[in-house]
Amino acid sequence: MKMPRKITFTVNGVKKQVEVKDNELLADVLRDKLQLTGVKQACWRGECGLCTVLLNGKPVKSCLILAVEANGAEIVTSEGLMEGDKLSHLQKSFVENGALQCGFCTPAFTLVTHYLLTQKPDASEEEIREYISGLICRCGTYNEIVKAVKQASQYYKK
Amino acid sequence: MSFGAPYISIPEFQYLKPKTLKEALETLSKYEDEAKVLAGGVGLLNLMKERLVEPEYVVDIKGIPELRKVTYEEGKGLTIGATVTLSELENNEIVERKYTALHEAIKVLSDPVLRNRSTLVGNVCEAFAWMDSLSPLLVFDAELKALSVNGERMIKAKDFIIGLAETALEPNELVASIFLPEPPKNSASKFIKFRSRSEFSVINVASLLANRDNPPERILRLAYGGATPSPVRVFAVEKVFKQQKPLNELLKEALDVVFKEVSPMEDMHASKEYREHLMETLTIKIIRELWGE
C-alpha cells in the first residue's frame, strides 16, 4: 500500500521525474535525490526558513511540504537564480556587501529577497526586514543583508 | 508549534488527494480518526514530525476548487475557503478595509514565508490557546461551515474551540469555509498582540467599536487570545459601553467585568499575574485607540 510513486515537477526550468514515498519531504527530495544542496535544513520545523524554495513563484518552507504535494509544480532553488554559471546581481550584491559569514543561510535569503524585489523593487528597509523575518542568520549579518538587497534593487526596476 | 526536539522525518501514511468535495467527505467518513486533513501543512506536518499525530491517511484538500475561494457579498458578509492562504487574505482589500482586526492579526501571524502556505481555517482548526486568528473572528461573530456526508452545519466561532487543541468538529467533518457577517455600520476594529520570546501571543486582544458618540447605539466588542485555553469573547462587557459616562469610568467598569469573566491561566509563557497585567494594559490601549484618544 505504501509504495513509492512517480511525481513530475519543473525544477529550475528543467522537467524532472522522481520516485518518492508519500512521507518524504520536499526539502529532502530536492537535496538528496536532485543534489540541489542550496536547500538547507537546520530546524526541520518551519522556524529557520533555510529550506525556502520558490513553489509556483512564491517562497515557501520546503521542510513542511510533502514531495507529493509538489507534483506538477514549478520549483526554483537558489541554483536557479544564477545566470548560467555566473552569480545573479542579487547574489553578487550579497558577496560585495559582506551579507554572509558562514553562508549557510544565503541561498534562502537570496530566494526570499529575490521574490520581494520582483514584487516590489522599491521595498523600504522596513519592508525588507519584515519580509526576511521568517529566516534566521546565525552569523547575524542582517544589516548587511538589507544593504545588499537595497543595492541590488536597481536591477529589478524596469 | 513545537513541543520538543525536532524529528527530521515523518511516519508513513497514505497520501490521498480528492478532486471533489464529495470524494473528500466520503474519504473522511470512511476513515474518520485514521485520516487527517492537509491544507497548508504547517500545523499538521509539524505535529506529525513530533509524533503527536500519526494518521494512516493524509487527505490533501488543495485540489478541490470550491475551497479555494474568497467571496464577499455587500451587506451579507465574507466567506473564506479552507485552502485560502494567509498571504492571500493579507492582500485582500475587503479584509483590510472591513475586517481590519483580522487583517492586523494576519500581518503578525507567524512570518511572511509561512503565510504563503498556511491557511486561516488551518490556524483555527489547530486550536491553540495562543493563536492570533480566533479573537478577531470572535469579534466579527464568525461561523465555520462544517461539512460531512450527512450534510452541513454552521458552528459559531465561540463554540468551535472546546479546549487546548480540541475543536467541536466530528472526525468525519471538514471545515469548508469561515463566514464573517457584514460588520456593524460605522464600525472600526483593531488587533493587538503581545509576544515575548517566540512568535506566539502571550496575550492578544481584538476589539470592535461603532457609534462612539451615541451610547444607546454604541457597540463595543472585546475578545482575548492567550488568556485561557480557548480564546474568549467577553460578552458581559458590552452593556457597560451602552452607558453615557466618560471613557475613564467605562474602562474601569469594563475591566472589572473582564476579570470577573476571565481568569487568565498560568503556563510556560507567563504567570497569571503577568497575563492580568497585559490584559489590563492592552484593553485600555486598544479601546483608547479605537475611541480616537
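Bear in mind that the values in this text are calculations on the coordinates, not laboratory data. Not measured: the values here are computed from a predicted model. Cβ: placed from backbone, ideal geometry, glycine included. Neighbour counts: every protein chain shown.
Some points to look at:
- Remark: the B:S9-B:D159 segment gains 50.5 nm on full extension, using 0.36 nm per residue and subtracting the alpha carbon distance.
- Take every pair of alpha-carbon atoms less than 8 Å apart whose residues are at least six positions apart; their mean separation over the length of the range A:107-158 yields a relative contact order of 47 percent.
- Label-to-label distance, nm, for residues given as A:K21 and B:K285 (7 Å Cα→Cβ offset): 4.8
- Built amide H within the under 5 Å cut-off of A:L87, gap 5+: none
- The 3J(HN,Hα) values that the Karplus relation (6.51, -1.76, 1.60; θ = phi - 60°) gives for the range B:277-293 are, in residue order, 4, 5, 4, 5, 4, 6, 5, 4, 5, 5, 5, 4, 5, 5, 5, x, 10 Hz. Gly and Pro appear as x.
- Positive-end residue, chain A charge dipole about Cα centroid, Cβ charges, pick of A:M3, A:G98, A:G134: A:M3
- Among B:D132, A:D22, sorting on how many other beta-carbon atoms sit within 10 Å of each Cβ, with the fewest leading, yields A:D22, B:D132.
- Shielding by partners, peptide B:104-112 (average Cβ within 10 angstrom, other chains): 3
- Amide H contacts of B:T167: B:I162, each under 5 Å away and 5 or more positions distant or on a separate chain (H built 1.01 Å from N in the peptide plane; Pro and chain starts excluded).
- Residue order, fewest to most surrounding Cβ atoms within 10 angstrom, among B:C125, A:C139: A:C139, B:C125
- Of the residues B:V37, B:V84, B:V262, the one that moves most in a GNM of chain B with alpha-carbon contacts below 10 Å is B:V262.
- Shielding value for A:107-114 is 1, the average number of Cβ atoms from other chains within 10 Å of each residue's Cβ.
- Inter-probe distance in nm under a simple model that places probes 7 Å from Cα toward Cβ, at B:E217 and B:S198: 4.6
- Helical runs (DSSP H, four residues minimum) scored at -39500 (n - 2.57) apiece and divided by the length of chain B put the mean residue ellipticity at 222 nm at -9000 deg cm²/dmol.
- Peptide B:44-57 shows a mean partner chain C-beta count of 2 within 10 Å per residue C-beta.
- Integer Hz, Karplus 6.51/-1.76/1.60 couplings in order for the range B:112-129, x for Gly and Pro: x, 6, 5, 5, 5, 10, 6, 10, 5, 4, x, 4, 5, 5, 5, 6, 8, 3
- Among beta bridges from DSSP that stay inside chain B, the antiparallel ones total about 85%.
- Ordered by the number of other Cβ atoms lying within 10 Å of each residue's own Cβ, fewest first, B:S133, B:S177, B:S263 fall into the sequence B:S263, B:S177, B:S133.
- Sorted peptide list for B:235-242, B:151-158, criterion being average Cβ within 10 angstrom, highest first: B:235-242, B:151-158
- By the rule of a C-alpha distance below 14 Å, with chain neighbours fewer than 8 residues away ignored, the aspartates and glutamates paired with A:K15 are A:E74.
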